[in-house]
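Undergrad: Dropping the structure in here first, questions after.
The values are calculated or read from the model by the stated rules, or taken from the named source; none is laboratory data. From a predicted model like this one, the values you see are computed outputs, not experimental measurements. Using ideal geometry, Cβ is built from the backbone for each residue, glycine included, and neighbour counts are taken over all protein chains shown.
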Amino acid sequence: MVVGESKPIAEILEMLKDCKKVVLAGCKGCVTVCNVGGEKEVGILASELRLARKAAGKELAVLEYTCERQCDPEYIEALDDLVKDADAVLSIACSVGPQYVAARYPYVPVFPGINTTFIGGAVEHGVWKEYCQACGNCILGDTGGLCPIARCAKTLLNGPCGGSSGGKCEVGKGAVDCVWHLIYERLKNLGQLKKLEEPMLYKNWATSRDGGPRTMIREELRK
Amino acid sequence: MTMTAGSNLEKILTSGQKAVTCECGPPRGADAEHFRHKASYLKGICEAVNITDNQTAVVRFCSMAASRIMMDLGMEPVMQMVTRDMNRIALQSNVLGAAALGIKNLLCLTGDHNSFGDHPQAKNVHDLDSIQLLHCIKTMRDDGKMISGTEVQGRPAMFIGAAANPFADPFEFRVVRMAKKIAAGAQFIQTQCIYDMDRFAQFMQMANDMGLTEKCYIMAGITPFKSVGMANYMKKFVPGLVVPDSYIQRLRGVPKDKQGAEGIKIAVEQIQQCLEMKGIAGIHLMAIEWEERAPEILKAAGLLPRPKVD
């Protein structure tokens, strides 16, 4: 899923400083699962904003709504009535949400209430890790099902580098696993260490963001 | 092993004599005079001098310019290149430019992660890793082709090197990774600073058993301790470095003003131990910001004067 984190309340208040009435739009997709942009977080953030602005002597009306998804234009339509007389929309979906909101309401400012951080998953309650960089050409089959593109600090295809120590990456002060160490152990368990003996050659990054913003077209679905 | 670039370093190694390389880092500014001064201590005491490429991810003047300055001093550079800061377009361009300037030795590295340097906010590149860069340079030199397949107009005659760290983990994979570097194109290897002699001996045993010392020249990396503080720092904060306590105790056992001399004594012993190991083709002496002490270390180790080759 797409994982996000809340922006600091001070940053959000600064973005909304000229607004009197805003729509706070959550999303029932990934950001609900990672506890940052669902119905519950909409309620909490709305209260925080109202209280902060009241304390500052400049009240803010916050209209709450949580979309089915914000990464689908048809679910943005549900905001139409609320947006009509609002000064802005504050979206706490992943960054697709604010962009779909912007596309639907050309004359209404939109602000992001969260930072979209990575494609990943929870490893325990309250802890999420990155697992994918959407390089567009999956190599997990060669690396024991563990991704060095997303999980090696240097995106090595021939790791582990000389900074791998005791299974940990030199980056992250011991908090980050060396994914190449994990790949090594896993391939050892699978009896496939031979795979690591041949140099893995150049990756084609054209399928990644480096090839320009990506559009995917599936003609069979367009008909 | 056939000659590819005809550098002084390559000639000495090919002749079977123990080679010596040193290291000199460019300054954090445009002060070429400072660099010339540091480099002058290394003249005549080694075959070639490694010029670091923004080491520890700190901005310094570039290794290609420093390499050229070194050649103007009548010295031979080993130009280091890291894949952290440049994509394959810039890297290949620099290889060609370096060859055009007459640089004959290249050392391919991935580089320290930018989060350790003075610009941790930088976007890192890592389009290639060190092994792919080795392969790329070898292919340009031997097949006359760029990564794209485009023909190179004038092949870069380079003696190609790589680094190896026998002290990182998993230990049993370190020699395999070195083998990959050799398969990709490395003709010489300079190791990470060696302090744990037992582990290094074990590493060399594995390299010999795999036949790697027949395919590639392995140079043992030595960095003298300037003080007990430096030894402690390297033990605690440099990832993938093993510093045995015995050295720290030895340095602690002498007065502060004698620690440098003791550090040099240790380095000389380490050099001699390494030279006795089967398969060691030479010494890579990295006297970090201590270039002026390199001559006495090499002299005490019996490595001076340097042999001459045509």
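Undergrad: From the set of residues in the range B:269-310 that are in a helix (DSSP H, G or I) and touching a Lys or Arg at 6+ places or on another chain (Cβ under 9 Å), which is surrounded by the most Cβ atoms within 10 Å (Cβ to Cβ)?
TA: B:298
Undergrad: Being over 23 Å from residue B:150 (Cβ atoms) and touching a helix residue (DSSP H, G or I) at 6+ places or on another chain (Cβ under 6 Å) is the filter here; which residues of the range B:103-116 pass it?
TA: Residues satisfying the conditions are B:105, B:109, B:110, B:112, B:114, B:116.
Undergrad: Only one of A:60, A:82 is over 16 Å from residue A:5 (Cα atoms), buried (at least 18 other Cβ atoms within 10 Å of the Cβ) and touching a residue at least 24 places away in the same chain (Cβ under 8 Å); which?
TA: Of the residues listed, the single one that is over 16 Å from residue A:5 (Cα atoms), buried (at least 18 other Cβ atoms within 10 Å of the Cβ) and touching a residue at least 24 places away in the same chain (Cβ under 8 Å) is A:60.
Undergrad: Give B:137, B:194, B:182, B:189 a once-over and let me know the one that is β-branched (Val, Ile, Thr) and farther than 21 Å from residue B:2 by Cβ. So that I can check it myself, show each step before the final result.
TA: Values: B:137 fails: farther than 21 Å from residue B:2 by Cβ; B:182 fails: farther than 21 Å from residue B:2 by Cβ; B:189 fails: farther than 21 Å from residue B:2 by Cβ.
None of the other options fit; the residue is B:194.
Undergrad: So, one more: Considering only residues that are in contact with a Ser or Thr (Cβ under 6 Å, 6 or more places away or on another chain) and of a type in the set (A, V, I, L, M, F, W, C), look in the range B:168-200 and name the one that is nearest to residue B:222 (Cα to Cα).
TA: Checked the range B:168-200; the qualifying residue nearest to residue B:222 (Cα to Cα) is B:193.
Undergrad: While we're on this one: Is it the case, given these coordinates, that residue B:20 is farther than 24 Å from residue A:154 by Cβ, within 17 Å of the chain's Cα centre (by Cα) and surrounded by 24 or more Cβ atoms within 10 Å (Cβ to Cβ)?
TA: Judged against the criteria, residue B:20 is a match.
Undergrad: Does residue A:136 satisfy being touching a residue at least 12 places away in the same chain (Cβ under 8 Å) and at the interface with chain B (Cβ under 10 Å from one of its Cβ atoms)?
TA: Spelling it out, it is not the case that residue A:136 is touching a residue at least 12 places away in the same chain (Cβ under 8 Å) and at the interface with chain B (Cβ under 10 Å from one of its Cβ atoms).
Undergrad: Can you work out which of the residues in the range B:137-158 that are within 14 Å of residue B:89 (Cβ to Cβ) and loosely packed, with under 15 Cβ neighbours inside 10 Å is nearest to the chain's Cα centre (by Cα)?
TA: Among residues in the range B:137-158 that are within 14 Å of residue B:89 (Cβ to Cβ) and loosely packed, with under 15 Cβ neighbours inside 10 Å, the one nearest to the chain's Cα centre (by Cα) is B:148.
Undergrad: Scan the range B:86-114 for residues that are within 12 Å of another protein chain (Cβ to nearest Cβ) and surrounded by 16 or more Cβ atoms within 10 Å (Cβ to Cβ) and report the count. Give the derivation first.
TA: Taking the range B:86-114 first, the residues within 12 Å of another protein chain (Cβ to nearest Cβ) are B:87-89, B:91-92, B:108-114.
Adding the requirement that they be surrounded by 16 or more Cβ atoms within 10 Å (Cβ to Cβ) leaves B:88, B:91-92, B:108-114.
Residues flagged as within 12 Å of another protein chain (Cβ to nearest Cβ) and surrounded by 16 or more Cβ atoms within 10 Å (Cβ to Cβ) within the range B:86-114 amount to 10.
Undergrad: Find the residue count for the range B:118-136, including only residues that are buried (at least 19 other Cβ atoms within 10 Å of the Cβ) and away from every other protein chain (no Cβ under 13 Å).
TA: Of the residues in that region, 0 qualify.
Undergrad: Which numbered condition trips up residue A:167, out of (1) in contact with a His (Cβ under 6 Å, 6 or more places away or on another chain); (2) assigned by TED's automatic domain parsing to the domain that holds residue A:38?
TA: (2)
Undergrad: Something else: Considering only helices (runs of 4 or more DSSP H) fully contained in the range A:47-141, which possess at least 1 residues that are under 23 Å from the mean Cα position of the chain (by Cα) and not β-branched (Val, Ile, Thr)?
TA: Hits in the range A:47-141: A:73-76, A:96-104.
Undergrad: Please specify each residue of the range A:168-199 satisfying the condition of being part of a helix (DSSP H, G or I), facing chain B (nearest Cβ under 7 Å) and within 22 Å of residue A:129 (Cβ to Cβ).
TA: So the first thing to find is which residues in the range A:168-199 are part of a helix (DSSP H, G or I), and the list is A:179-189, A:193-196.
In the following step, the residues that additionally are facing chain B (nearest Cβ under 7 Å) were identified as A:181, A:184, A:196.
The answer is A:181, A:184.
Undergrad: Then there's this: Just checking, does the range A:149-167 include any residue being more than 7 Å from every other protein chain (Cβ to nearest Cβ), small (Gly, Ala, Ser) and more than 19 Å from residue B:132 (Cβ to Cβ)?
TA: Looking through the range A:149-167, none of the residues is more than 7 Å from every other protein chain (Cβ to nearest Cβ), small (Gly, Ala, Ser) and more than 19 Å from residue B:132 (Cβ to Cβ).
Undergrad: Report whether or not residue B:11 is among the charged types (D, E, K, R), out of contact with any Leu (no Cβ under 9 Å at 6 or more places or on another chain) and closer than 14 Å to residue B:188 by Cα.
TA: Working: among the charged types (D, E, K, R): yes; out of contact with any Leu (no Cβ under 9 Å at 6 or more places or on another chain): yes; closer than 14 Å to residue B:188 by Cα: yes.
Yes: the conditions hold for residue B:11.
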